[in-house]
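Only the coordinates and a few stated rules stand behind these numbers; no lab work does. Treat the numbers as computed from the prediction; the structure is a model and nothing was measured. FYI the Cβ positions are ideal-geometry reconstructions off the backbone, even for glycines, and counts take in every protein chain you see.
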Number of protein chains: 2
Amino acid sequence: MRQAGRYLPEYREVRQQAGTFLDLCYSPDLATEVTLQPIRRFGFDASILFSDILVIPDALGQKVEFKENIGPVLSPIIRSAADLDRLRPDEAIDRLGPVFQTVRNLSSSLPKDVTLIGFAGAPWTVATYMVGGEGSRDQADTRLWAYAEPAAFEQLIETLVDTTAAYLVAQVDAGAEVLQLFDTWAGSLPEREFERWCIAPVAQIVKQVRAKYPAIPIIGFPRGAGLRYADFAQRTGVNGVSIDVTVPLDFAKNTIQPNCAVQGNLDPLLLVSGGAAMTQEVARILQTFDDGPFIFNLGHGIVPQTPIDHVAALVDQVKGVKG
Amino acid sequence: MRQAGRYLPEYREVRQQAGTFLDLCYSPDLATEVTLQPIRRFGFDASILFSDILVIPDALGQKVEFKENIGPVLSPIIRSAADLDRLRPDEAIDRLGPVFQTVRNLSSSLPKDVTLIGFAGAPWTVATYMVGGEGSRDQADTRLWAYAEPAAFEQLIETLVDTTAAYLVAQVDAGAEVLQLFDTWAGSLPEREFERWCIAPVAQIVKQVRAKYPAIPIIGFPRGAGLRYADFAQRTGVNGVSIDVTVPLDFAKNTIQPNCAVQGNLDPLLLVSGGAAMTQEVARILQTFDDGPFIFNLGHGIVPQTPIDHVAALVDQVKGVKG
């Protein structure tokens, strides 16, 4: 929720100046400006780099387009061992140079008391776009290919683990103070696949990043993982876990908060409707997690039709309680 | 998985004879034939009525179309208290007469040892189509309307509870021996909304059906409910719970099976890829639930590209173990 987006008029204005959405992500001046917008407007306590999880496939050499009203479209899709040979992991970090420039800009221009958060997509979620070619309801194409050719899929995941770890390390080199890993589509994975394609790759990334930065805080977000949040919190090595809107508060308090900071989980749609229902739910969330490590947030991204004054009211309420 | 579908050539042939998909659901002779097809081919132990969860909005007077490559489209959408006045709950059961005729046909033509399962969509899931107008990834339109106008949304849910209970009772009148309630989109609901829009309406339906048929077995399927499956199993009054592909087996064994029969949960995509990976997972499922009440099934519907010989191999394996 701390990222700029279409709900802000000042964002829509800058968005028009850039060509494609990826052009915006790769223009350090514009990306820096857009990252700072919500900090100026709302005085957030932390700032998250403006970028997208799909810069990784782009940097690996796959074509990534963001189409109006459709979403991301990647081509050609990855669906065989031979397709993997087209990827260029050795060039990826160089191609992501503009992102690191944005992080450096932010590191020098943000107020000292505002934490700078870098991020990346987790391997499973990024793979679903690379294999599926677009967003989907249940990631069926990717799950099916992983069943049919587990060795080839494993190779894709390994490429993503190494590239993502290097990408996150470079963000810390440039000034990021906290890292976040988004596994947006973790919720579609069956039990054993969750272990193999969510927990294991995230744990490897955490290990690789910690090899260079042992103390860097890392927050994971296995969206939709349900009761498997407990395993994720205990076994990936992350310091914090973002919980989605469906996670019952007491479950998170009892099974996640003893091991990790909890981040979440107001429904972004309740922020759209606002009013007393929102205020009550925010109070319930703050009260539940008050005794342990906690970062207030939405349970998913802010939606374009969100009224700006609802965001301001939310920030007031949270700051009033958390001080 | 016991329902006929596009993976069967004999189904595709009958489908061509009917006009629209709803025409097929409302043609007792064709719907009976299609229901019997998988029984003839595979010798399943149970038969599920061929129909669709969206016959309820259709019977209530909303226009329901099934569009090729898009899915169901309902119009006009329900988005205000005034829209609810257009619904005709008093006429719904009469309009569903052809479905009951299909159930009667099946009751007399199925082998005695094949259990006839009737079904309906649960109120939340059916409401998401009535309010959203189509399928969606996160049911945002419906969740948003429920936040904005909870009283109006509650009225829609109550209409669906009463109509669905009457519909299920009439299916039992016609010969259904087990009932199933599909809450396909239960997984998108936050904690308190899950309580209000999934558990409470399902519990009301169970109560209303049991008022006439105290001993009828009822299976609920709150797909994607994660750890909230435990509450669902304990508090709706159902006798059985279908678990989706993401539910860890030990969780279901320890928290659901003590109260309810468990049904599930092979990934339909593993049935597409088949081979040793499928065989091993089927064995693991059978072994886990062997000691308690259990119905083998997929964790979601069978997909069109499923090879028929994989289904036959699966049936052989399950019958070999379960006898």
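Amide H to amide H distances under 5 Å link A:S47 with A:T115, A:L116, A:I117, where only residues 5 or more positions off or on other chains count and H is placed in the peptide plane. If one computes the Cα centroid of segment A:76-119 and of segment B:102-127, what distance in Å separates the two points? Cα centroid of segment A:76-119 versus Cα centroid of segment B:102-127: 53 Å apart. In plain terms, if you count all Cα to Cα distances in segment B:9-242 and split them into 5 Å steps from zero, the share in each step is 1, 7, 15, 18, 20, 18, 13, 7, 2, 0, 0 percent.
Among DSSP beta bridges whose residues both lie in chain B, state the antiparallel percentage, nearest 5.
So the antiparallel bridges amount to about 20 percent of the total.
If we count every other residue with Cβ under 12 angstrom of A:P72's Cβ, Lys/Arg +1 and Asp/Glu -1, where does the sum land? Mind showing how you got there, number by number?
Details: positive: A:K63, A:K67; negative: A:D52, A:D58, A:E65, A:E68, A:E134.
Its environment carries a net charge of -3.
Each DSSP beta bridge with both residues in the protein assembly as shown is either parallel or antiparallel, and the antiparallel ones are about 20%.
Averaging over all projection directions, the Cα-based convex hull of segment A:51-187 occupies 8.7 nm² in the image plane.
For B:V247, nonlocal amide neighbours, meaning residues 5 or more places apart or on other chains whose placed amide H falls under 5 Å from its own, do not occur.
Note that segment A:284-292 has calculated 3J(HN,Hα) couplings of 5, 5, 4, 5, 4, 9, 4, 7, x Hz, one per residue in order, obtained from phi through the Karplus relation 6.51 cos²θ - 1.76 cosθ + 1.60 (θ = phi - 60°); glycine and proline are x.
Considered as an equivalent ellipsoid built on the Cα gyration tensor, segment A:184-255 has semi-axes of 21, 15, 9 Å, the largest given first.
So for B:T279, A:T184, fewest C-beta neighbours within 10 Å to most, what's the order? Kindly include the intermediate steps, with their values, before the conclusion.
Numbers: B:T279 14, A:T184 22.
In order of increasing Cβ crowding within 10 Å: B:T279, A:T184.
Charge dipole of segment B:9-242 (Cα centre as origin; +1 on each Lys and Arg Cβ, -1 on each Asp and Glu Cβ, all else neutral): 400 debye, rounded to the nearest 20. Computed over the Cα atoms of segment B:50-132, what is the ratio Rg over Rh, Rh following Kirkwood? Computed over Cα atoms, the ratio is 1.05.
With the dipole of the protein assembly as shown worked out from charges on the C-beta (+1 for Lys and Arg, -1 for Asp and Glu) around the Cα centre, which of A:Q263, A:T142, B:P89 lies farthest toward the positive end? Of the options given, the answer is A:Q263. Cross-link pairs exceeding 29 Å in C-alpha to C-alpha distance, out of B:K253/B:K319; A:K63/B:K67; B:K67/B:K253; B:K212/B:K319; B:K67/B:K112, comprise A:K63/B:K67; B:K67/B:K253; B:K212/B:K319; B:K67/B:K112.
A label point on B:I93, set 7 Å along the Cα-to-Cβ line, lies at 7.0 nm from each of its counterparts in the other copies, closest listed first. Across identical copies of the chain, B:S80 has label-point separations of 5.6 nm, listed in ascending order, with the point defined 7 angstrom from Cα along Cα→Cβ. Close amide H contacts of A:Q180 (hydrogens built in the peptide plane, cut-off under 5 Å, sequence separation of 5 or more or a different chain): A:G118, A:F119, A:A120, A:I219. Note on A:T279 and A:E154: the extension gain reaches 40.5 nm, defined as 0.36 nm multiplied by sequence separation minus the Cα-Cα distance. With the label put 7 angstrom out from Cα along the Cα-to-Cβ vector, B:D173 ends up 7.4 nm from the copy partners, going from closest to farthest. Within segment A:59-216, DSSP assigns beta bridges of which about 55% are antiparallel (rounded to the nearest 5).
A Cα-only calculation for segment A:163-210 places Rg and Dmax at 12.2, 37 Å. Magnitude of the charge dipole for segment B:87-198, about its Cα centre and with charges confined to Cβ atoms of Lys, Arg (+1) and Asp, Glu (-1), is about 300 debye. Using every pair of distinct Cα positions in the protein assembly as shown, the Kirkwood expression returns a hydrodynamic radius of 26.0 angstrom. Could you let me know the centre-to-centre spacing of segment B:1-27 and segment A:137-174, using Cα atoms, in angstrom? Taking the Cα centre of each part, segment B:1-27 and segment A:137-174 sit 39 Å apart. For A:H300, what is the net charge nearby, where nearby means another residue's Cβ is under 14 Å from its Cβ and Lys, Arg count +1, Asp, Glu -1? Summing Lys/Arg as +1 and Asp/Glu as -1 gives 0.
One residue of chain A places its C-beta nearer than any other to the axis carrying A onto B; that residue and its whole-Å distance are A:G226, 1.
Beyond 13 Å, what share of the Cα-Cα pairs of segment B:72-113 is found? Please give it as a whole percent.
Working: 596 of 861 pairs.
Counting every Cα pair in segment B:72-113, those more than 13 Å apart make up 69 percent.
Exposure here means at most 14 other Cβ atoms within 10 Å; with trypsin sites (Lys or Arg not before Pro) in a DSSP loop as sites, the longest stretch of chain A lacking them is A:138-323.
3J(HN,Hα) along segment A:71-80, derived from phi through the Karplus expression 6.51 cos²θ - 1.76 cosθ + 1.60 where θ = phi - 60°, amounts to x, x, 10, 10, 8, x, 5, 8, 8, 7 Hz, with x in place of Gly and Pro. Put a plus charge on the Cβ of each Lys and Arg, a minus charge on the Cβ of each Asp and Glu, and nothing anywhere else: the dipole of the protein assembly as shown about its Cα centre is then about 520 debye. For segment B:211-246 and segment B:248-321, write down the distance between their C-alpha centroids in whole Å. Distance between centres, Cα-based: 18 Å.
Backbone geometry of segment A:145-151 corresponds, through the Karplus equation with coefficients 6.51, -1.76 and 1.60 at θ = phi - 60°, to 3J(HN,Hα) couplings of 5, 5, 6, 6, 9, x, 5 Hz, x marking Gly and Pro.
Grab the other residues whose beta carbon is less than 15 angstrom from that of B:K207, score K and R as +1, D and E as -1, and report the net. Charge balance near B:K207 sits at +1. Rounded to the nearest 500, the helix-only mean residue ellipticity at 222 nm of chain A stands at -14500 deg cm²/dmol, with each DSSP H run of n ≥ 4 adding -39,500 (n - 2.57).
Can you give me the relative contact order of segment A:200-323 as a percent, contacts being Cα pairs under 8 Å and 6 or more apart?
Details: 160 pairs, mean separation 27.0, N = 124.
Relative contact order comes out at 22 percent.
Computed from the mean reciprocal separation of all distinct C-alpha pairs, what Kirkwood hydrodynamic radius does segment B:179-323 have, in Å?
Values: mean 1/r = 0.0634 Å⁻¹.
Radius from the Kirkwood sum: 15.8 Å.
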